[in-house]
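Step one of this worksheet: look at the structure below.
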Amino acid sequence: MNKKEERAKLLAEMKEMNEKAASEKRSFSEDEKKVFEEKEERFRVLSSEIEAEEREQKLNGFTDTLPKGGEDKPKTAERKGFFRAEKRGGDTFLSLGTGDAPGSAYSLAPEEFVEEILSEVEKEAILYGRVRKISVSGAGSLGVPYEKSDASAADWTNEIPATEITSDKSLDYGKRELAPVDLVKQFTVTKKLLATSAFPIDTIAKEKIIEKLTEAFENGILNGTGENQPLGIFTKSDDGIPASRDVTTAGTSISADDLVNLKMKLRPAYRNKACWVMSTEILKDIMLLKDQNGRFLWQPALTEGQPSIILGLPVIESEYAPNAKTAGSYVVALGDFSHYWFAHWKDMDITVLNEKFAGTNQIGFLGHTLADGQPTLPAAFARLAIKEA
């Protein structure tokens, strides 16, 4: 039994104990309370271990698993020869199989490789996969309207209205310019590692770039200030999600009622497509919350690869979501992320720096793109903040 299976088993046992006591209209006996607390502590330990292992797997650019023969075959001769190692004058140079001169200092990745990187970023970044992505070309910036205040309800009238129809002035739009912002990451790999690695160098480069893209995109969507970076959902802003979309906890900790209130802050049209976003630390507390009937609000995924749910809505666990449960701090967001727009002004390109780090026996890799993002409809989002002391 793996750790996830053990955690699910513990949750089921705790749920069964709770439902048995509730059906008999009694509290736990001392023995039952001791057993329940032991299971609860083991549940927390398992959750922490699972989190640590998943983070290590995600952030580790290398793996102990050797590539299997016959799998992930190149589609074209160009893809097969993406990087070639050549001996020249006793040194090892890397060149791209795209017609570039061998040993050239700066070479761009072929388009097929770029598309593969971006598709894998979406697989790795669950939150990024939910936002609306816009490809922009030519314009220096993209003026995206956001709805500052909603219009009033429509009116039924006679065929010929008794009075002239008046224009609704409550609907108001603002505008924050989506503008191209540079996102870069450079890293180096030793020539010795390249010579002794069981993996082709393009795999090493791709995995590291995916890791850093994933981190930057997700962190920007959640915490970006909007100044030379995306505007995040946990950033209080009249250009994104204002304070009017906040729900405050009733006490100094999160309760089941707080989550219900947060869910009901959204209109049904947005609520039905919404998902929760929170850190692992916050999720561990919420996992043990129960409704008035003693049932856990959190339910594990029924199948591998599917998200767990809270109050019927999927949960995205992010290491970039706030985890400090201090007075006034945000702890949970809920929203329909199709109303978060993420614009790209160029695809990701990768430059192989063959000569720049030659003096230290290294090869450099430089990833670069231009992008920006922001929430465009405040009503589609809500945040939970801890009550001020």
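A few points about this structure:
- Among the residues making up region 227-283, those that are open to solvent by less than 60 Å² (accessible area, probe 1.4 Å), aliphatic (A, V, I, L, M) and not in a helix (DSSP H, G or I) are LEU231, ILE233, ILE241, VAL247, ILE254, LEU266, ALA274, VAL277, MET278.
- Selection within region 305-337 - more than 17 Å from the chain's Cα centre (by Cα), assigned to a loop (DSSP other than H, G, I, E, B) and not small (Gly, Ala, Ser): LEU311, LYS325, THR326
- Residue that is farthest from LEU283 (Cα to Cα) [pool: residues in region 27-51 that are small (Gly, Ala, Ser) and free of Cβ contacts under 8 Å to residues at least 12 places away in the same chain]: SER29
- Candidates GLY251, GLY232, filtered to the one that is farther than 25 Å from PRO307 by Cα and in contact with a helix residue (DSSP H, G or I) (Cβ under 9 Å, 6 or more places away or on another chain): GLY251
- Criterion violated by PRO74 - all others in (1) in contact with a helix residue (DSSP H, G or I) (Cβ under 7 Å, 6 or more places away or on another chain); (2) open to solvent by less than 50 Å² (accessible area, probe 1.4 Å); (3) at pLDDT below 50 satisfied: (2)
- Hits in region 284-297 - residues which are more than 16 Å from LYS325 (Cα to Cα) and either open to solvent by less than 20 Å² (accessible area, probe 1.4 Å) or of a type in the set (Val, Ile, Thr) (or both): GLY294, PHE296, LEU297
- So VAL352, is it within 30 Å of LEU259 (Cβ to Cβ) and of a type in the set (Val, Ile, Thr): no
- Only residues that are open to solvent by 50 Å² or more (accessible area, probe 1.4 Å) and hydroxyl-bearing (Ser, Thr, Tyr) were counted in region 339-366, giving 1.
- Within region 205-237, the set of residues being closer than 18 Å to ASN323 by Cα and of a type in the set (Phe, Trp, Tyr) comprises PHE234 only.
Yes/no matrix, rows are residues, columns are (1) open to solvent by less than 40 Å² (accessible area, probe 1.4 Å); (2) out of contact with any helix residue (DSSP H, G or I) (no Cβ under 7 Å at 6 or more places or on another chain); (3) more than 21 Å from GLY220 (Cα to Cα); (4) not hydroxyl-bearing (Ser, Thr, Tyr):
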| residue | (1), (2), (3), (4) |
| --- | --- |
| GLN299 | no, yes, yes, yes |
| ILE316 | yes, no, no, yes |
| ALA324 | no, yes, no, yes |
| ALA327 | no, yes, yes, yes |
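- Top-ranked residue in region 27-52 [being at pLDDT below 80 and of a type outside the set (S, T, N, Q); ranked as farthest from GLY294 (Cα to Cα)]: ALA52
- Only a single criterion out of (1) within 19 Å of LEU297 (Cα to Cα); (2) touching a Leu at 6+ places or on another chain (Cβ under 8 Å) is not satisfied by ASN261, namely (2).
- Only one of the numbered conditions (1) within 24 Å of LEU370 (Cα to Cα); (2) among the small types (Gly, Ala, Ser); (3) more than 20 Å from the chain's Cα centre (by Cα) is violated by GLY224, and that is (3).
The values are calculated or read from the model by the stated rules, or taken from the named source; none is laboratory data. This is a predicted model, so every value here is computed, not measured. No Cβ is skipped: glycine too gets one built from the backbone with ideal geometry, and neighbour counts run over all protein chains shown. We work out accessible area using only protein heavy atoms, side chains counted, and drop any ligands, DNA or RNA first. Shrake-Rupley method; radii C 1.70, N 1.55, O 1.52, S 1.80 Å.
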